[in-house]
Amino acid sequence: MTQMKKIILFGDSIAAGLYQGEVVHALDHALSTTLKALGQADFKIINLGKKGDSTTSSLERLSQLPQDERTADYVVLNVGVNDAINQRDNQKNYRKNLEQLINFFKHSQVILIGPSYVDEKIKTQTIPEILVEYTQIAKEVADENKVSFIDFYHYEKSFEDPTLYLQDDGLHPSKLGYHLLGALIAQCIQQKEQSALYWL
């Protein structure tokens, strides 16, 4: 029997799968469903998302992780939108924090998710230009550290009405938004799995 591979989802409330104020692991379900549809069913998902996490508070949690949650076949880092909308002049620390998070999980294949689209009409503290700046920093950090990057903001904004991907709070993904993010992560993992088979 083939041993199941492991995916860790680490980060903020989007990683945790917050839906209508409750942690329901919506991203787990979306990712698992899409992986199965792609013929990649042998994955166990461990959710280490935490509501309200920034890159700073995420780093503080690392020392508390048990040994079996410090490495996986894939680690998906979804953290940063709280930095971008609540700590808007914190770019230098944001970059450093992302680098430290990636380094902590260096024995896993890391997939870094950039900050997501936020409806500034609802989340009025949001400055779109700063959100874009933080997204660019995340992309640069991913490139410099040779890890995969998913520009979730770009994918959401490429549609005529990106608010369709958001819940009424203007921040967390709607069911459609979680489905999109899960599909993007699943596609990235499938490509890596196929690439690994090619080199066997």
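Only the coordinates and a few stated rules stand behind these numbers; no lab work does. This structure is a prediction, so every number in the text was calculated from the model and none was measured. Quick reminder, even Gly has a Cβ in these numbers, built from the backbone with ideal geometry, and neighbours come from all protein chains shown.
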Going through Ile85, Ile102, Ile137, Ile113 one at a time, which residue ends up being β-branched (Val, Ile, Thr), under 20 Å from Lys50 (Cα atoms) and out of contact with any strand residue (DSSP E or B) (no Cβ under 9 Å at 6 or more places or on another chain)? Ile85
Does Lys139 count as closer than 23 Å to Leu9 by Cβ, free of Cβ contacts under 8 Å to residues at least 24 places away in the same chain and surrounded by fewer than 19 Cβ atoms within 10 Å (Cβ to Cβ)? no
Counting only residues that are in contact (Cβ under 8 Å) with a residue 24 or more places away in the chain and either outside any strand (DSSP E or B) or not hydrophobic (A, V, I, L, M, F, W, C) (or both), how many does segment 4-24 have? 12
Across segment 127-159, what is the total count of residues that are outside any loop (DSSP other than H, G, I, E, B), out of contact with any Lys or Arg (no Cβ under 6 Å at 6 or more places or on another chain) and either of a type in the set (D, E, K, R) or more than 17 Å from Lys106 (Cα to Cα) (or both)? 19
Of the numbered conditions (1) farther than 18 Å from Ala142 by Cα; (2) out of contact with any Ser or Thr (no Cβ under 7 Å at 6 or more places or on another chain); (3) assigned to a helix (DSSP H, G or I), Ile85 satisfies every one except a single condition; which is it? (2)
Does Leu171 count as crowded, with 16+ Cβ neighbours inside 10 Å and part of a loop (DSSP other than H, G, I, E, B)? yes
Tabulated pairs, segment 47-66, first acidic (Asp, Glu), second surrounded by fewer than 19 Cβ atoms within 10 Å (Cβ to Cβ), C-beta under 9 angstrom, 6+ apart or interchain: Asp53/Arg61
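If you check Lys192 against the conditions, is it in a helix (DSSP H, G or I), out of contact with any Cys (no Cβ under 9 Å at 6 or more places or on another chain) and without any contact (Cβ under 8 Å) to a residue 40 or more places away in the chain?
Spelling it out, it is not the case that Lys192 is in a helix (DSSP H, G or I), out of contact with any Cys (no Cβ under 9 Å at 6 or more places or on another chain) and without any contact (Cβ under 8 Å) to a residue 40 or more places away in the chain.
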